[in-house]
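The values are calculated or read from the model by the stated rules, or taken from the named source; none is laboratory data. Model, not experiment: these values are computed from the prediction. As a convention, Cβ positions derive from the backbone with ideal geometry for all residues, glycine included, and neighbour counts pool all protein chains shown.
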Amino acid sequence: MTAGQNRIPVNLDYAASTPMRAEALLAQREYDDSELAGVNPNSLHSLGRKAAARLEVARREIARSFGARVRPSEIVLTNGGTEANQLALLGLAEGTRQRDRKRDRVIVSAIEHDSILDNLPLLRAAGFTVDLVQPCRMGYIEPATLVELLGDDVALVSIMVANNETGVVQPIRELAAATHTVGALFHTDAIQGYLHIPLDVTELGVDAMSVAAHKIGGPVASGALYLKNRTPLRPRIFGGGQEAGRRAGTQDLRTQLAFAAAASSLTPHVAQERAKLQALSDKLYATLTAHQRIHATMGDYAQADRLPGMVSIYIDGMDSEELIIKLDAAGFEVSAGSACSSGSMDPSHVLSAMGIGREQALGALRISFDDRVNPDDLDEFAQTLLSIVGAA
């Protein structure tokens, strides 16, 4: 094994962020070299109108990535996935309550990303009651569990497409349908699953869906919120009236063009690439879990509906920080299922909600990659990790 410092690190943390794709980089370079570089697309002069036209082309391309029947007017461009999530969570809840004052309750899953969970105090401060719906042991929300919490006082339900730690895909179509039976809105955070699995918002039946460009090889600080036509929304940012009054602030044409380029390059090939990556992740799961101390976080990974290109495990008797440091030294970059801060580790809220014990959760690892991965690197990673675990 070549020493980590003498080799190019192998990035297996694509679930955190991905390198930009060639198509996105080219879109940015073409913008930088064009007469539109730095032009405000809201200006009335000829360059402003040209910039606005290019922005709408990008919006149409992004809209197509949400489904063939999505209208460009249903796409709100944002400064990333976190903003899209906050706009959806707070904006939809307040917009719904403005229409119907009795709807003052919001339901979210206990396994949401912090960009959802950290906004719950704001909902409560605004007078909403918030309920958490718990996952089953395999890491997904069962529709029957959600139904038990639903009522005609619910304004909004927000449940992610696929979990960012485990990769487990949620039954969104069934969850959205159950939500609509009581007249509530349904939002889904698709930031981790977008263009990694087939997602058509019309078929899913959701009212809103958040995505981020940097999870698919686009630029950071670029995202979008699908907002179904006539869905009530109270904006969170005011001043300027951009995005049809739903999100004020001058749009960054450069990043949205790069976002659109990345999305357009991936949209036709999602199902094909999913099959290839699923085979690679299945092989990695099989190799690692053959060791008696390594376990898939969702239990029987072969029976789980999960994202391709994501492997979520925990290792008995070891902690994530130790494993990440040793793997880093060997030239492999992965992440933990736990948050490390100030020299201490807290177990992942996701794994805890799934019923995984504290000691097991503290030994979690997430390995993630996309279609650009070298399969030989995955094999070498597996052998490196097995040697670390075997020597512990």
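A compact table of results
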item	result
Leu77 touching a Leu at 6+ places or on another chain (Cβ under 6 Å), crowded, with 24+ Cβ neighbours inside 10 Å and of a type in the set (A, V, I, L, M)	no
Qualifying residue in region 245-254 (condition: part of a helix (DSSP H, G or I), without any contact (Cβ under 8 Å) to a residue 60 or more places away in the chain and assigned by TED's automatic domain parsing to the domain that holds Leu90)	yes
Matching entry among Gly343, Gly309 (being on the phi > 0 side of the Ramachandran plot and modelled with pLDDT of 95 or more)	Gly309
Pair list, Cβ < 7 Å and 6+ apart or interchain, from region 200-221 residues that are under 13 Å from Phe66 (Cα atoms) and outside the structural domain of Tyr14 (by TED's automatic domain parsing) to residues that are of a type in the set (D, E, K, R) and buried (at least 24 other Cβ atoms within 10 Å of the Cβ)	Ser210/Asp189
Selection count where residues are surrounded by fewer than 17 Cβ atoms within 10 Å (Cβ to Cβ) and in contact with a Phe, Trp or Tyr (Cβ under 8 Å, 6 or more places away or on another chain), scope region 215-271	1
Number of positions in region 352-375 that are among the charged types (D, E, K, R) and surrounded by fewer than 16 Cβ atoms within 10 Å (Cβ to Cβ)	3
Selected residue (only one of Arg274, Arg293 is at pLDDT 95 or above and within 18 Å of the chain's Cα centre (by Cα))	Arg274
Which numbered condition Thr287 fails, given (1) crowded, with 20+ Cβ neighbours inside 10 Å; (2) within 15 Å of Asp379 (Cβ to Cβ); (3) β-branched (Val, Ile, Thr)	(1)
Condition met for Val311 (among the β-branched types (Val, Ile, Thr), in contact with a Phe, Trp or Tyr (Cβ under 7 Å, 6 or more places away or on another chain) and surrounded by 19 or more Cβ atoms within 10 Å (Cβ to Cβ))	yes
Test: Arg234 is assigned to a loop (DSSP other than H, G, I, E, B) and more than 28 Å from Gln278 (Cβ to Cβ)	yes
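Conditions tested, residue by residue: (1) outside the structural domain of Ile141 (by TED's automatic domain parsing); (2) surrounded by fewer than 20 Cβ atoms within 10 Å (Cβ to Cβ); (3) in contact (Cβ under 8 Å) with a residue 40 or more places away in the chain.
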residue: Ala279; (1), (2), (3): yes, yes, no
residue: Gly299; (1), (2), (3): yes, yes, yes
residue: Leu307; (1), (2), (3): yes, no, yes
residue: Ile315; (1), (2), (3): yes, no, yes
residue: Ser320; (1), (2), (3): yes, no, yes
residue: Leu323; (1), (2), (3): yes, no, yes
residue: Pro347; (1), (2), (3): yes, no, no
